[in-house]
Structures are given as structure tokens and as C-alpha cells.
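*Asks:* I am attaching a structure below and will ask some questions about it afterwards.
The values are calculated or read from the model by the stated rules, or taken from the named source; none is laboratory data. None of these values were measured; they are calculated from a predicted model. So basically every Cβ, Gly included, is an ideal-geometry build from the backbone, and we count neighbours across all protein chains shown. Remember, those area values only see protein heavy atoms, side chains included, never the ligands or the DNA or RNA. Shrake-Rupley method; radii C 1.70, N 1.55, O 1.52, S 1.80 Å.
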Amino acid sequence: MIVLAIESSCDETAVAIVEDGKLLSSVLASQVEIHRKFGGVVPEIAARHHLGNIAPLVDEALERAAISVTDVDVFAATYGPGLVGSLLVGLSFAKGLALALNRPFIAVNHLHGHLYANMITFPSLIPPFLVLLVSGGHTELFSVNSWDSIERIGKTRDDAAGEAFDKIARLLGLNYPGGPEIEKLAKLGEEKYNFPRSLREKGNYDFSFSGLKTSVLYFLKKNPQAKKEDVAASFQAAVVDSLLSKTFAAAAEYGLKNVVFAGGVAANSYLREKAQQFAKDKYNVYFPPIEFCTDNAAMIAIAAYNKAKRGELSPLDTNAIPYLKF
Ligand code: KG4
Ligand code: ZN
């Protein structure tokens with residue numbers, strides 16, 4: 001079974017093709033440079049660039065997979081959450097192809113996609129496991145008992161971890177997106193400052209990053225001479241410590257040996273390194289390859305392939321849902 005999937009929920013246009021769960025091609029047109037000068041994604045501009053990118057990118061994915069569009073058995077696209085104008089471009093294109101070629105269509109939840117990113121590298125990873133989903137819009141902990149029984153056991157009460165990285169990067173005068181910039185700067189600094197870790201009560205698996213953000217803001221106002229490298233290292237340590245202490249406490253309480261990471265922030269090398277330290281030899285830790293942590297279509301294609309195997313097809317009047325939940 002050949003699945004072609006499109007991802008266009010935010011500022012990356014991406015197309016991927018899988019055959020029986022094996023990745024044949026995965027291509028992406030990034031708009032990061034376009035939005036950088038605005039310090040974040042401008043929805044109208046993102047939608048317009050998706051429109052320009054989508055057709056050539058589908059052609060490129062087919063060419064790299066060395067197949068023709070008529071070889072595709074199933075068309076899939078992300079239908080939410082995300083920016084509505086951006087979502088509509090990929091969704092309409094995939095539905096159009098399905099209609100024209102008389103093939104089934106599958107709508108994929110972007111958050112499920114992030115979770116499935118691990119299946120590209122670890123096809124034998126099967127529930128039960130714990131998932132920490134950390135992206136620009138989400139910071140949530142899930143206990144995955146089976147693919148159709150997923151329980152959310154914690155979430156952020158304010159900012160997502162990626163959003164906190166982006167906001168602190170802006171305070172430090174760094175480029176958008178802030179996560180990779182802070183990671184780079186932190187490598188040159190020391191964890192000198194003890195920024196707060198919120199909601200530390202036992203059994204509480206919610207996250208909060210607004211107190212940390214305010215604390216860094218006031219610290220910078222009071223200490224304008226502090227080295228940015230040290231502030232970046234100390235901030236990153238506070239975020240990672242909050243994320244991991246809760247994740248591994250939850251793994252212990254729920255008796256889950258496999259701990260899976262997903263989403264853009266899972267690309268962070270300090271988080272990846274610390275996770276191994278937290279896990280010791282008691283837990284198995286899974287991270288997707290870096291290119292499948294941030295937004296991509298390979299994860300959507302794998303999620304769609306698994307939905308297809310379960311017979312979960314979507315109607316052609318499926319609409320974009322900007323605030324779609326997990
Ligand atoms: O998953 P993603 O590409 O898009 C969403 O679905 O949100 O995540 C983007 C977020 C941004 O906030 C970005 O700053 C963060 O992931 N991010 C990182 C790193 N790479 C991307 N955060 C920390 N360290 C990184 N290396
Ligand atoms: Zn994402």
C-alpha cells in the first residue's frame with residue numbers, strides 16, 4: 001500500500017510517501033527565512049507560500065520515490081490543529097487528488113503525527129508506553145495503553161515548552177525559531193542561575209512555564225551584564241529539568257518502561273542527553289531522528305498508513321479544524 005501525505009499546518013510545506021510503512025521519500029519547503037524577520041509565523045504569508053510550494057513539492061516527492069501519482073493508493077493530509085489558511089492548502093490538495101484519482105482519503109491529527117514520528121525508526125515499538133509531546137503549541141504527557149486508548153495525564157497550564165524557548169530567545173535578541181538558537185548558545189555557557197521549576201508537588205503531571213519566563217525577564221532587567229550564554233544554559237536546564245522530572249515520575253507511577261519523546265523540542269540535544277541520564281538502565285528512551293521531531297510529512301504518512309490498515313478512512317468533506325485536540 002502506497003500512501004502520499006501532505007503536512008501544511010504551520011510554516012513548513014511537506015510531502016512524504018510510504019510503501020507498506022517504509023519511507024520512500026520525504027521533502028520539505030521551509031518558510032523559516034521568510035518569517036524570521038517578523039519574529040514568528042505570519043498566517044496570511046504562510047498560506048500564500050504553501051499554495052506556491054505544494055504542487056512542485058508533490059512532484060518532487062513522487063520523483064524521489066520513483067513512482068507516478070497513479071501508483072498512490074491512499075492520499076492523506078493534516079487537518080488540524082494549526083493555522084486554518086495553511087491547513088486548507090494541504091488538505092484541499094490531498095482531497096482533490098483523492099477525488100480525481102478515485103482513491104481513499106485519510107485526515108490525520110498533527111499531534112498523532114508527531115507521536116507516530118517514532119514509528120519511522122522504531123516500527124516494532126508498540127504500546128503500552130509513555131509519551132512526552134513537546135512542540136511549539138503543545139506540552140503534554142500521554143499514557144498510550146493501545147493505539148485507540150490514549151490517556152492524557154498532564155499538560156501545560158500556560159505556555160508550551162517550545163513557545164517558552166521562542167519567547168526567551170526573543171528576550172535574548174536571538175532569531176526565530178528560538179529553540180535551536182538557545183540550544184547553540186547554551187553550549188557555550190554555564191548553568192549558573194537557578195531559575196524556578198513550577199508545580200513540583202508529587203503526582204502533579206501538569207507543566208507551567210510562565211513563571212520561568214517572568215523570572216528570566218526580571219533577571220535580565222536586574223542583571224543586564226549577565227552573559228547570554230549562561231542565561232540560555234540556565235533557562236534550558238530549568239525547562240529540561242521540569243519536563244524530565246515529571247515524565248519519569250509519571251513513568252514510575254504508571255509502571256511504563258518505554259518512554260517516547262515527540263515534537264520540535266525533542267530535537268534538543270541537551271534534552272536527549274539528560275533523558276538518558278534520567279532513564280539510567282530502568283527505562284527505554286525513544287527519540288525520533290532530528291528531522292522527524294520538527295514538522296514533516298513522513299510522520300503524517302506513517303500515521304495515515306496505520307489508520308489505513310485499521311480501515312479508518314475519512315470523508316471528502318473533512319474540514320480543517322484549527323483547534324483540534326489530541
Ligand atoms: O513540532 P514543531 O516543529 O511545530 C509545532 O507543531 O509546534 O515545534 C516547533 C517548536 C518551536 O517552538 C521551536 O523553537 C522548538 O520546537 N524547537 C526546539 C528545538 N528545535 C525546535 N526547541 C529546543 N531545542 C531545539 N533544538
Ligand atoms: Zn508540529
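*Asks:* If the requirement is being in contact with a helix residue (DSSP H, G or I) (Cβ under 7 Å, 6 or more places away or on another chain) and either open to solvent by less than 40 Å² (accessible area, probe 1.4 Å) or without any contact (Cβ under 8 Å) to a residue 24 or more places away in the chain (or both), which of these qualifies: Ala94, Ala117, Ala98, Ala160? If you could, list the steps in order and put the result at the bottom.
*Replies:* Working: Ala94 fails: in contact with a helix residue (DSSP H, G or I) (Cβ under 7 Å, 6 or more places away or on another chain); Ala98 fails: in contact with a helix residue (DSSP H, G or I) (Cβ under 7 Å, 6 or more places away or on another chain); Ala160 fails: in contact with a helix residue (DSSP H, G or I) (Cβ under 7 Å, 6 or more places away or on another chain).
Selected residue: Ala117, the only one of Ala94, Ala117, Ala98, Ala160 that is in contact with a helix residue (DSSP H, G or I) (Cβ under 7 Å, 6 or more places away or on another chain) and either open to solvent by less than 40 Å² (accessible area, probe 1.4 Å) or without any contact (Cβ under 8 Å) to a residue 24 or more places away in the chain (or both).
*Asks:* Further question on the same structure: Can you name every one of the helices (runs of 4 or more DSSP H) wholly within the range 155-238 that holds 1 or more residues which are outside the structural domain of Ser30 (by TED's automatic domain parsing) and hydroxyl-bearing (Ser, Thr, Tyr)? Quick ask: steps written out before the conclusion?
*Replies:* Working: elements: 161-171, 178-186, 210-222.
Of the helices (runs of 4 or more DSSP H) lying wholly inside the range 155-238, those with at least 1 residues that are outside the structural domain of Ser30 (by TED's automatic domain parsing) and hydroxyl-bearing (Ser, Thr, Tyr) span 210-222.
*Asks:* Something else about it: Would you check which residues across the range 147-157 are more than 16 Å from ligand 2 (Cβ to nearest atom) and open to solvent by 40 Å² or more (accessible area, probe 1.4 Å) and list them?
*Replies:* Trp147, Asp148, Ser149, Ile150, Glu151, Arg152, Arg157, listed by residue number.
*Asks:* Could you please find all residues in the range 296-324 being of a type in the set (A, V, I, L, M) and open to solvent by less than 40 Å² (accessible area, probe 1.4 Å)? Can you show your working first?
*Replies:* Restricting attention to the range 296-324, the residues satisfying the condition of being of a type in the set (A, V, I, L, M) are 297-304, 308, 313, 316, 320-321, 324.
Ala297, Ala298, Met299, Ile300, Ala301, Ile302, Ala303, Ala304, Ala308, Ala320, Leu324, listed by residue number.
*Asks:* I need the full set of residues from the range 258-273 which are open to solvent by 10 Å² or more (accessible area, probe 1.4 Å), more than 16 Å from ligand 2 (Cβ to nearest atom) and farther than 16 Å from Ala232 by Cα, in order please.
*Replies:* Asn258, Arg272, Glu273
*Asks:* Something else about it: Report, by residue number, each residue of the range 276-296 that is more than 24 Å from Ser146 (Cβ to Cβ) and more than 12 Å from ligand 1 (Cβ to nearest atom).
*Replies:* Hits for the range 276-296 are Gln276, Gln277, Phe278, Lys280, Asp281, Pro289.
*Asks:* Out of (1) open to solvent by less than 60 Å² (accessible area, probe 1.4 Å); (2) modelled with pLDDT of 95 or more; (3) more than 21 Å from Glu273 (Cα to Cα), the odd one out for Lys227 is which?
*Replies:* (1)
*Asks:* Further question: Val265: assigned to a strand (DSSP E or B), in the same structural domain as Gly154 (by TED's automatic domain parsing), in contact with a helix residue (DSSP H, G or I) (Cβ under 7 Å, 6 or more places away or on another chain) and in contact (Cβ under 8 Å) with a residue 12 or more places away in the chain, yes or no?
*Replies:* Details: assigned to a strand (DSSP E or B): no; in the same structural domain as Gly154 (by TED's automatic domain parsing): yes; in contact with a helix residue (DSSP H, G or I) (Cβ under 7 Å, 6 or more places away or on another chain): yes; in contact (Cβ under 8 Å) with a residue 12 or more places away in the chain: yes.
It is false that Val265 is assigned to a strand (DSSP E or B), in the same structural domain as Gly154 (by TED's automatic domain parsing), in contact with a helix residue (DSSP H, G or I) (Cβ under 7 Å, 6 or more places away or on another chain) and in contact (Cβ under 8 Å) with a residue 12 or more places away in the chain.
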